[in-house]
Amino acid sequence: MTEKGFFQKIYVTTAMLTVGAALACASAGPVRAQTAGATKIEAAQTSQNAMVTFDIPAGALASALMKLGERTGLQVLYPTEVARNLRSGGATGSMTVDEALTRLLAGTGLTYRFSAADTVTVAVPGQSDNGARITLGTVSVEGRAAPAQADIGNLPPAYAGGQIARGGKVGMLGNRDFMDTPFSQTAYTAQVIEDQQARTIRDVVANDPAVRATWPASGYTDPLFIRGFEASNQDVAFGGLYGIAPTFSIGLGLAERVEILKGPSAMLNGFPPLGSVGGTAIDDQYRTYATSFAGLDYQGDRWRLSADLGYQLQNINAPHLVTNIATGVAVPSVPEASSNWFFPWGWADTEDFFGAGRAEFDLTPDVTFHVAAGAKRTNWGRLTYFPSVKNADGDLSATPSHLEYVYDTDTQEAGARAKIATGAIGHEMSLTATRLHRVQKSGNENIGGAITSNLYAPSSASHPGISDLETPKTADSEFVSLAFGDVLSVYSDRVQVVLGARLQSINARNFSASTGEITSEYDESALSPSVGLIYKPTTKVSFYGNYIEGLQQGAVVGDTYANAGTFLAPYISKQYEVGVKVDLGRLAGSLSLYQITKPSAAADNSNNLTSDGEQRNRGIELSVFGEPLEGLRLMGGLSLIEATLTATADGVNNGNSAPGVPNAQFNMGVEWDAPFAPGLSLSGRAIFTGEQHIDNANTQSLPAWARFDIGLRYRVDRKDLHPFTVRLNVDNLLDSNYWASNYYPGYISAGAPRTVRLSLSSDF
């Protein structure tokens, strides 16, 4: 993965029920090694102890040192071979030149010294720089760094250890530092993606105690639960635009970041539209996974442009889906993890074509306008079934179905960000307008009658015959929003207030597949407010609180209810959160307490489905990350949740635990650079998930489970070879068998068996 990848960021947000994910481009713009321009600091300020504000992102060490020279006017000298193929964790914030150099060189094995008042020499410890001195004249390159309010060219740098970024994109507010964000957010870097050989988002979120995947790893889709609520992977954003990223499984082949913003996010991100070739470790399963991406970035004096195209293909034979446990049946013991109780003739195919473009223009250094647009077509089909366990012996029954879908999406965004001051109050204002249009075409058929098998002794069944399905238009939705936000700051940014609101409207229509007539329609609007507060008594501590709302399209009432075919009003979720963030320089973390309430569908006494149901989740989250000791990195945390059904049909299940929400999750990863073998890094990770109920009545539950992963990375850097890295990762080292999660009341998925990944990569 290079510093300038085509798709440099994915962010995942919980709009209570949605994943907001953005694939945004961020390119490194032109820089000056030494310049007399506006960014140069006067000679008196280049003292080692002078305080300077830096914004140097993580990336190639040579580039980082050049940006330090640009910012300070210092000449930074080093032999070319010394910095070759080394990366820097970056330096952001107000600090001395000494502190900035220490951060830039952390983990590289290099040291520095001031060889003159305006000259810094970087070298290998104990190695004389005699003969290696480089004399630079004044070098000037046209262009300037992207301003703080920009998205393109403004990727927040990595924290110590390189696994977590110092900040991330906070919706319409843009990129913000970890300590300046009144929300819970974690940004996993390219280093994590590469070193863990992550293929999709689900592989990365295994590091986060507040997030978990709910479908089998051998399935065709990767829905997530964040803070106990579903985040559909169909509600993703590309370049800040919803509905453009791959529909069911989001590949990370060229992704730079995975950013997780926890809690409702309708004001920040808007109304979401929904609320490799080889075998696998599952018997009788074969998966084809192919991706292709192309990107173009341009950064000039005032203009920044990015354009990206992508193609993703996923074909799975005998996909492993969620399994239903019939009402009243005790949860059976889990079969062997590698077994497949799905018939080998099943399949699921997904093909995504997508693209997006973004442009930014700096009217002044403090005012930036931006526009973006994107489109996607998804072709999806499957011949599958959801087996139901009927008794304690594990007997199964299922009815196969054949589905074909086409999704067409186009989306647009326009807005502006500005930094101004009114007296002693600083403002970072944002104005954004968005539109998303989504058309669904679908056809489906049930295949014959029920088929039977057994969970522990799968039987065979002949391949059912299927028809060529037509895909008439069955749904058409348009989402439009207008949002305004302002970050007010006083006392040198020690106190910050985030205010914002988004007015959103949806026009949705469903159509009869046979006649084309409208079967249901609604036009609804809602206002989603948000407020956040930050207080930083020191630069190392940040107290925060927030109130924010989430918005989800109401459900379409099914045929079994008296009001079948109608739309329910949009669901409005609400979050209250307080917490504290601590940055100790090489180790950082956060502690948060929150409450989220989310409406849900419930039937009344007349068998009408309404949105009068409600679930309330209260939780505590602790996270920690960084490199407390040179060569020792930590990443993980603990999440405790009390999820309660506060309003259910006729109050029958009021007060029960919500299904699918474990009472505890613990994730902790450790990575160690072996001092006895330069280039060798060893890693380990422990994952624990507590007990979780699978039904509203709390009569069925899944036991707690734990998993252990290990990894090895060895980098070879020789003068006679291109540098290369060998990576070996083993998930579920002990090959444990366990029921991993509950997806929907009554539907559960099994954990993946021991999985081994081996890769070889080289730098050119």
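The values are calculated or read from the model by the stated rules, or taken from the named source; none is laboratory data. Computed from a prediction, not measured in an experiment: that's the story for all the values here. Ideal geometry is used to build each Cβ from the backbone, glycine not excepted, and the neighbour counts take in all protein chains shown.
For a quick check of your reading of the model, give me the residue pairs whose first member lies in the stretch 721-745 and is under 30 Å from ASP695 (Cβ atoms), whose second is hydroxyl-bearing (Ser, Thr, Tyr) and assigned to a strand (DSSP E or B), with beta-carbon atoms closer than 7 Å and at least 6 apart or on different chains.
Cβ pairs passing all conditions: ASP731/THR755; ASN732/THR755; ALA740/SER749; SER741/SER749; TYR743/SER749.
I'm checking my understanding of the structure. Among residues of the stretch 691-735 that are among the polar types (S, T, N, Q) and farther than 20 Å from VAL670 by Cβ, which one is farthest from the chain's Cα centre (by Cα)?
Out of the qualifying residues, it is THR699.
Given the conditions (1) aliphatic (A, V, I, L, M); (2) in contact with a Gly (Cβ under 7 Å, 6 or more places away or on another chain); (3) surrounded by fewer than 20 Cβ atoms within 10 Å (Cβ to Cβ); (4) not in a strand (DSSP E or B), report the number of the one that LEU640 does not fulfil.
Unmet condition: (4).
Out of all the residues in the stretch 662-671, is one or more on the phi < 0 side of the Ramachandran plot and exposed (fewer than 14 other Cβ atoms within 10 Å of the Cβ)?
no
Of the residues ALA562, ALA508, only one is over 26 Å from THR646 (Cβ atoms) and either among the hydrophobic types (A, V, I, L, M, F, W, C) or crowded, with 18+ Cβ neighbours inside 10 Å (or both); which?
Numbers: ALA562 fails: over 26 Å from THR646 (Cβ atoms).
Result: ALA508 is the single residue among ALA562, ALA508 that is over 26 Å from THR646 (Cβ atoms) and either among the hydrophobic types (A, V, I, L, M, F, W, C) or crowded, with 18+ Cβ neighbours inside 10 Å (or both).
Among residues belonging to the stretch 478-504 that are small (Gly, Ala, Ser) and within 18 Å of ALA433 (Cβ to Cβ), point out the one that is surrounded by the fewest Cβ atoms within 10 Å (Cβ to Cβ).
Only one residue tops the list, namely ALA501.
Taking TYR535 and the conditions (1) surrounded by 14 or more Cβ atoms within 10 Å (Cβ to Cβ); (2) aromatic (Phe, Trp, Tyr); (3) at positive phi, which numbered condition does it fall short on, given that it satisfies the others?
It fails just one condition, (3).
Filter the stretch 86-104 down to the residues that are touching a helix residue (DSSP H, G or I) at 6+ places or on another chain (Cβ under 8 Å) and surrounded by fewer than 21 Cβ atoms within 10 Å (Cβ to Cβ) and list them by number.
Matches in the stretch 86-104: LEU86, ARG87, MET95.
Which count do you get for residues in the stretch 707-727 that are exposed (fewer than 14 other Cβ atoms within 10 Å of the Cβ) and within 17 Å of ASP208 (Cα to Cα)?
The number of residues fulfilling the criteria is 1.
State all residues of the stretch 105-118 that are in contact with a Lys or Arg (Cβ under 9 Å, 6 or more places away or on another chain) and within 10 Å of LEU77 (Cβ to Cβ); if no residue qualifies, say none.
SER115
Within the stretch 417-432, how many residues turn out to be within 35 Å of the chain's Cα centre (by Cα) and surrounded by fewer than 16 Cβ atoms within 10 Å (Cβ to Cβ)?
Total meeting the criteria: 4.
For the stretch 728-754, how many residues are assigned to a strand (DSSP E or B) and surrounded by 20 or more Cβ atoms within 10 Å (Cβ to Cβ)?
We begin by selecting, within the stretch 728-754, every residue assigned to a strand (DSSP E or B); these are 728-731, 739-744, 747-750.
Adding the requirement that they be surrounded by 20 or more Cβ atoms within 10 Å (Cβ to Cβ) leaves 729, 731, 739-743, 747-750.
Counting residues in the stretch 728-754 that are assigned to a strand (DSSP E or B) and surrounded by 20 or more Cβ atoms within 10 Å (Cβ to Cβ) gives 11.
Can you tell which of ALA245, ALA187, ALA206, ALA231 is surrounded by fewer than 24 Cβ atoms within 10 Å (Cβ to Cβ) and within 28 Å of GLY660 (Cβ to Cβ)?
On the way: ALA245 fails: surrounded by fewer than 24 Cβ atoms within 10 Å (Cβ to Cβ); ALA187 fails: surrounded by fewer than 24 Cβ atoms within 10 Å (Cβ to Cβ); ALA231 fails: surrounded by fewer than 24 Cβ atoms within 10 Å (Cβ to Cβ).
Within the list ALA245, ALA187, ALA206, ALA231, the selection yields ALA206.
Counting just the residues of the stretch 206-226 that are at pLDDT 85 or above and not in a strand (DSSP E or B), which one comes out farthest from HIS693 (Cα to Cα)?
Among residues in the stretch 206-226 that are at pLDDT 85 or above and not in a strand (DSSP E or B), the one farthest from HIS693 (Cα to Cα) is ASN207.
Filter the stretch 63-85 down to residues that are aliphatic (A, V, I, L, M) and modelled with pLDDT of 80 or more and give me whichever is surrounded by the fewest Cβ atoms within 10 Å (Cβ to Cβ).
By that ranking, first place goes to MET66.
Mind telling me which of the residues PHE688, PHE724, PHE708 ends up being touching a strand residue (DSSP E or B) at 6+ places or on another chain (Cβ under 7 Å), assigned by TED's automatic domain parsing to the domain that holds VAL331 and at pLDDT below 90?
PHE724 is the lone residue from the list that is touching a strand residue (DSSP E or B) at 6+ places or on another chain (Cβ under 7 Å), assigned by TED's automatic domain parsing to the domain that holds VAL331 and at pLDDT below 90.
Within the stretch 718-755, work out how many residues are among the polar types (S, T, N, Q) and within 23 Å of PRO659 (Cα to Cα). Talk me through it step by step, then tell me what you get.
Narrowing the stretch 718-755 to residues among the polar types (S, T, N, Q): 725, 729, 732, 736-737, 741-742, 749, 755.
With the extra rule that they be within 23 Å of PRO659 (Cα to Cα), the set shrinks to 737, 741-742, 749.
Adding up the residues that qualify gives 4.
Taking the stretch 42-62 as the search range and keeping residues that are modelled with pLDDT of 80 or more and not in a strand (DSSP E or B), which one is surrounded by the fewest Cβ atoms within 10 Å (Cβ to Cβ)?
For the stretch 42-62, the residue satisfying everything is ALA62.
Of all the residues that make up the stretch 206-226, how many are in contact with a Leu (Cβ under 7 Å, 6 or more places away or on another chain) and among the small types (Gly, Ala, Ser)?
Result for the stretch 206-226: 2.
Please list, ordered by first then second residue, the pairs with beta carbon atoms under 6 Å, 6 or more apart or interchain, first in the stretch 356-381 and basic (Lys, Arg), second crowded, with 17+ Cβ neighbours inside 10 Å.
Pairs that qualify, where the first residue is basic (Lys, Arg) and the partner is crowded, with 17+ Cβ neighbours inside 10 Å, are ARG358/GLY239; ARG358/SER306; ARG358/ALA372; LYS376/ILE244; LYS376/PHE354; LYS376/THR409.
Is it the case that ASP604 is over 28 Å from the mean Cα position of the chain (by Cα) and not aliphatic (A, V, I, L, M)? Steps first, please.
On the way: over 28 Å from the mean Cα position of the chain (by Cα): yes; not aliphatic (A, V, I, L, M): yes.
Criteria met by ASP604.
Let's see how each residue does on (1) at pLDDT 95 or above; (2) surrounded by 18 or more Cβ atoms within 10 Å (Cβ to Cβ); (3) in a strand (DSSP E or B):
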{"site": "SER573", "(1), (2), (3)": "no, yes, yes"}
{"site": "GLY579", "(1), (2), (3)": "yes, yes, yes"}
{"site": "THR597", "(1), (2), (3)": "no, yes, yes"}
{"site": "ALA602", "(1), (2), (3)": "no, yes, yes"}
{"site": "ASN607", "(1), (2), (3)": "no, no, no"}
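So for the stretch 614-633 (the condition being among the aliphatic types (A, V, I, L, M) and either in a loop (DSSP other than H, G, I, E, B) or in contact with an Asp or Glu (Cβ under 9 Å, 6 or more places away or on another chain) (or both)), does at least one residue qualify?
Looking through the stretch 614-633, at least one residue is among the aliphatic types (A, V, I, L, M) and either in a loop (DSSP other than H, G, I, E, B) or in contact with an Asp or Glu (Cβ under 9 Å, 6 or more places away or on another chain) (or both).
Select from the stretch 392-416 the residues that are among the hydroxyl-bearing types (Ser, Thr, Tyr) and under 34 Å from the mean Cα position of the chain (by Cα) and write down the one among them that is surrounded by the fewest Cβ atoms within 10 Å (Cβ to Cβ).
Going through the qualifying residues, I end up with SER401.
Does PHE666 fit the bill of being part of a loop (DSSP other than H, G, I, E, B), over 30 Å from ALA569 (Cβ atoms) and not hydroxyl-bearing (Ser, Thr, Tyr)? I'd like the intermediate steps shown before the answer.
Working: part of a loop (DSSP other than H, G, I, E, B): no; over 30 Å from ALA569 (Cβ atoms): yes; not hydroxyl-bearing (Ser, Thr, Tyr): yes.
Here the answer is no, as PHE666 does not meet what is asked.
Residues in the stretch 434-452 that are in contact with a Gly (Cβ under 9 Å, 6 or more places away or on another chain) and modelled with pLDDT under 90: how many?
Number of matching residues: 2.
Looking at the stretch 448-459, can you tell me whether even one residue there is among the hydroxyl-bearing types (Ser, Thr, Tyr), on the phi < 0 side of the Ramachandran plot, surrounded by 18 or more Cβ atoms within 10 Å (Cβ to Cβ) and within 28 Å of the chain's Cα centre (by Cα)?
No - not one qualifying residue is present in the stretch 448-459.
Any residue that is closer than 25 Å to LEU482 by Cβ, surrounded by fewer than 16 Cβ atoms within 10 Å (Cβ to Cβ) and at pLDDT 80 or above - is there at least one of those in the stretch 515-522?
Taking every residue of the stretch 515-522 in turn, at least one turns out to be closer than 25 Å to LEU482 by Cβ, surrounded by fewer than 16 Cβ atoms within 10 Å (Cβ to Cβ) and at pLDDT 80 or above.
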